[in-house]
Amino acid sequence: MRLVGQLSNPSAALAAVFEALSDEPIKATARPQPQLEVGRRLGNGVVQRAVIKVLAAAGLPMRPAEVHASVERLLGHRVSKNSVSWCLAAGARSEKHRFVRTAPGRYQLRDATP
């Protein structure tokens with residue numbers, strides 16, 4: 001009840017606020033669209049093929065952070081760091097052994113090892 005009474009008999013300060021408001025409805029402004037597509041999933045094997053290309057081009061052992069940055073440049077958009085790390089770790093442990101862990105935190109293609 002108190003609230004209704006305040007709105008029907010507003011104080012001078014509240015009356016000034018009501019006077020300042022326009023009678024036109026407030027329109028929602030459109031939010032700017034992100035440049036990168038968020039939530040878009042890559043197809044099966046896209047990250048793995050990109051990691052293979054990056055490691056083949058480098059020819060030397062690389063850290064996962066370096067591989068991640070190169071994969072993003074190659075694909076032209078953001079990629080999860082976890083996807084790249086998982087790809088490297090799984091590739092080093094799998095039966096096919098696509099990658100070799102040459103040192104802690106360093107990977108290279110199996111065929112590129114001396």
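Values in this text are rule-based calculations from the coordinates and carry no lab data. Please read all numbers here as calculations on a predicted model, not as lab measurements. We place every Cβ from the backbone using ideal geometry, glycine too, and count neighbours over all the protein chains shown.
Spatial offset of region 67-114 relative to region 47-63 amounts to 6 Å, using the alpha carbon center of each. Altogether, the Stokes-Einstein calculation at 10 °C and 1.306 mPa s, with the Kirkwood radius of region 46-112 over Cα pairs as Rh, returns a diffusion coefficient of 139 µm²/s.
Under the simplified labelling scheme, the Ala57-Asn9 pair shows an inter-label distance of 7.7 nm, with each label point 7 Å from Cα along Cα→Cβ.
For region 46-112, the relative contact order comes to 39 percent (Cα pairs under 8 Å, sequence separation of at least 6). Could you check the simple spin-label distance between His77 and Arg93, using points 7 Å along Cα→Cβ, in nm with one decimal? For the pair His77/Arg93, the computed spacing is 2.9 nm.
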